[in-house]
Amino acid sequence: MPVVTIDDAQAYAQIQDGVDDALVQSVIDAAETWVEATIGRKLLRQEIVEYLDGGEEYLLPSWASIASISEVYDTVAAEAVDADDYDFDPDEPSVYKVSSGQGPYGAWAAGRRRWKVTHTAGLAALAADVPGSIALAVKMLVKRWYDRRGDETRQTAVGMTLVWGALADGDIAVLLRPYTTLRL
């Protein structure tokens, strides 16, 4: 379920009723995907399965706002890690050991894509609970695309490619800044 509905986007962007709903929905979806990539967080909670590299103190999932971890699985040893042996930071994308006999935390065993982490991440469980400034940023992106659709898009072999960075002027960046995760 999208954070911004077609009706909300059309009202905000002053898009007339004759515009194809599928086109508007595709722009909403693209804007929400761009916002997620920009802030490093999924907007709505969802289960994510990732294969992460070991050898450091932290496993670093791609998305912040971790709500829960259902499993950490060592693909080399072919066994799940006991849930009492790890914890996570809900605001930063990191999973760390809490007992290993190697100091206060300890390092995860080395290996490329060794650790399968199944977790739930996202800012909100329901679209209505996503912060208003994020929904506003999505609507602003949709409006800017609609207003500038002739000069901010280019035709490609597979359809329209939007230059989102060009549409996200400083005011949108300011709306998203409090939710942006610093990526290393």
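The table that follows gives values for the structure above.
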| item | result |
| --- | --- |
| Of all residues making up segment 115-159, the number that are part of a strand (DSSP E or B) and at pLDDT below 85 | 5 |
| Hey, E57 under 19 Å from T180 (Cβ atoms) and among the charged types (D, E, K, R) or not | no |
| Residue list for segment 50-69, filter: under 11 Å from the mean Cα position of the chain (by Cα) and in a strand (DSSP E or B) | A64, I66 |
| Residue in segment 31-49 that is at pLDDT below 95 and over 19 Å from the mean Cα position of the chain (by Cα) present | no |
| Set V3, V76, V72, V24: member being buried (at least 19 other Cβ atoms within 10 Å of the Cβ), assigned to a loop (DSSP other than H, G, I, E, B) and of a type outside the set (S, T, Y) | V3 |
| Residue check, E47 surrounded by 14 or more Cβ atoms within 10 Å (Cβ to Cβ) and either in a loop (DSSP other than H, G, I, E, B) or acidic (D, E) (or both) | no |
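The values are calculated or read from the model by the stated rules, or taken from the named source; none is laboratory data. Computed from a predicted structure; not experimentally measured. Positions of Cβ are backbone-derived with ideal geometry, glycine not excepted, and every protein chain shown enters the neighbour counts.
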